[in-house]
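The structure under discussion appears below in the form of structure tokens.
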Amino acid sequence: MRQGSPRSVPPPGEARAELPGEGGGERPRSRGRYRVIEGIMSPVNDNYGKKGLVSARHRIAMAKLALKTSDWIRVDPWESEQETWTETVKVLRHHYNESLRLLQSKKEFMENKHPHERSTRDSLSCQHPVLPELKLLCGADFLQTFKTPNLWKEEDIKEIVEKFGLVCISRAGSDPSQYIKESDLLTQFQHNIFLVKEWIQNEISATRIRSALRRGLSVKYLLPDSVIAYIAQHNIYTEESERRNEGDLLQPLKLQNPAGTPPRD
């Protein structure tokens, strides 16, 4: 699942929804000992408080347009539909529980099949079900946010890296191995943090794309045509929208710092 602290889901670029090493959003069939079942894009709630964050209604619509040709990545609106911002670890719990519920439904369906309809493979899968795992997909610089004062709860970081795990995609200027070495907690669970190097670097920046849109510059070939048309139709990324939440603290910082004063380094 792609998620995490920067879950605002900016304009979805041509390659933003891909897992590393898979051109055109093609499903990665396997990753070592894992078989990828699906990818989940979970747009953050409007109350997250990030500067320039546009309405979840638009972010979900753009993400769905960008993923229209994908046969394995889907947009899930659950997080954005909650009354307020939801911690990352709670979102992960929700999606994991949903995957278990679906697995149980499938198991019950297979068990209710007439004996002559069952294959040997069906019988074995019912007797020895493999529980799904949920990984948080992020850019390598995401690990650095764990050091931001008051942004994360220590117990949440521990649950994320211990129970779920991370898949970190390489990014220019980021050294995820160093981030792990600098953290006792990340070092303890580094076996559950998968660092993926992209051999063809994709340096498309959401910040630069928004800047280009505000200035009326072309973003052709940086975003799907359907997303470009949607942005133009709804006049989304403007000087006004970029000022949204300006001066506000992110919601997790507000919760950790009720007085509302910016945290000190």
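Per atom type, the stretch 30-103 shows carbon and sulfur on 50% of its accessible surface, probed at 1.4 Å. In order along the stretch 225-238, the Karplus-derived 3J(HN,Hα) couplings, from 6.51 cos²θ - 1.76 cosθ + 1.60 at θ = phi - 60°, round to 4, 5, 6, 4, 5, 5, 4, 5, 4, 9, 6, 7, 8, 10 Hz, and Gly and Pro are given as x. Taking amide H atoms as placed 1.01 Å from N in the peptide plane, the amide H of Leu137 lies under 5 Å from those of Arg2, Gln3, Val167, each 5 or more residues away in sequence or on another chain.
Protection proxy ranking, highest mean first, for peptides 69-76, 239-246: 69-76, 239-246, where packing is the per-residue count of other beta-carbon atoms within 10 Å, averaged.
The stretch 148-193 and the stretch 61-110 have Cα centres spaced 23 Å apart. For the stretch 160-265, the fraction of 1.4 Å probe accessible surface lying on carbon and sulfur atoms is 49 percent.
The values are calculated or read from the model by the stated rules, or taken from the named source; none is laboratory data. These numbers come from a predicted model, not from an experiment. Positions of Cβ are generated from backbone atoms using ideal geometry, with glycine treated the same way; all protein chains shown enter the neighbour counts. Accessible surface is based on the protein model in full, side chains and every heavy atom, while ligands, DNA and RNA are left aside. Shrake-Rupley method; radii C 1.70, N 1.55, O 1.52, S 1.80 Å.
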